[in-house]
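Any read-out appearing in this document is the output of simple, stated calculations on the displayed coordinates, not a laboratory observation. Keep in mind the model is a prediction, meaning the values are calculated, not measured. Note: ideal-geometry Cβ built from the backbone for every residue, glycine included; neighbour counts use all protein chains shown.
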Amino acid sequence: MTPDLLEEGARRRAAYAQRLAQAAGRTESGGRQASYGRRVAGTEPDFAHGVALYVEDLSVSFDGFKALNGLSLTIDAGELRCVIGPNGAGKTTLMDCITGKTRPDAGRLSFGSNIDLLRLGETQIAQAGIGRKFQKPTVYEALTVFENLELSLQGDRRVRATLAARLAGEQRDRIDEVLALIHLKGEAVRAAGLLSHGQKQWLEIGMLLVQDPKLLLLDEPVAGMTDEETERTAELFLSLEGRHSLGVVEHDMTFGEALTQGRRRVTVLHEGSVLAEGLLAEVQRDERVIEVYLGR
Ligand SMILES: Nc1ncnc2c1ncn2[C@@H]1O[C@H](COP(=O)(O)OP(=O)(O)O)[C@@H](O)[C@H]1O
Ligand SMILES: [Mg+2]
């Protein structure tokens, strides 16, 4: 290699280093630092009973108002579970509790049969293997799609190490695999800021997937998406089933239909509790569910 090329390479690496460091220090969209965590060695959740998440009798009050009121549900290992409910039902609050953002007043939360989530902080919960996607996408807009995934894979507190080290082949393979899953293979070197809203949402899901979370929580992931993007998102989630457990929160039933395909269970929340649970067709026939959705 000629000295010129070496110099050019060094310059590019330095510019990249600077962009990564800048990106790690701020959130480009969404106004909040995403809490991506790297899995660390330690206690692995025990799914031997077939259950990934236990939520038992969970209650949360805000100034006396019960946002969650004795809520109980479980998500099986590898299950794709839709949680639906009208606005204000407590869906986001439930996710806030599972991920350690909000402390419940009462109840139990267990990841597998052995990890008491109420004893862990947000970062530890992410490290234990629970990934969460917020309603608004929060990607680093100045970085490319690939760099966003790379940063997430490495963990943002290790930016310096990232810069020094070449990506291991295995990690590169995982990024390629995720790029294909999220339909962004052709956009890998584009700046994330140039993506459509739907593509940004997929990128953020990809940023969770490179970390291979055991449980993935998605809060209204198709809000603002076109019909085609919504359809592709449903396909993506269905393709993740089995390898990951998924909790997908939605307020309308249409996406629920695409996800459940007549055979997966849904949980309907209302006023902080479980109103109904079962196949979508069953809960749609439930008088109380009809009243909550149509009766006002
Ligand atoms: N930090 C908070 N302070 C006060 N009230 C809150 C707070 N977070 C949520 N709530 C209230 O709790 C209820 C449930 O909210 P949320 O979990 O966001 O519902 P959903 O996501 O199902 O629309 C709503 O009535 C909401 O106004
Ligand atoms: Mg919400």
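Figures for the structure shown
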item: Partners for Lys136 among aspartates and glutamates (Cα-Cα distance below 15 Å; same-chain residues under 8 apart left out); result: Glu28, Asp96, Glu204, Asp219, Glu220, Glu250
item: Filter on Lys91/Lys200; Lys91/Lys185; Lys66/Lys214; Lys101/Lys185 - keep pairs with C-alpha separation over 27 Å; result: Lys91/Lys185; Lys66/Lys214; Lys101/Lys185
item: Computed over the stretch 50-198: relative contact order in percent, which uses C-alpha pairs under 8 Å that are six or more apart; result: 20 percent
item: Cβ-placed point charges (K, R +1; D, E -1), dipole of the stretch 170-296 about Cα centre in debye, nearest 20; result: 240 debye
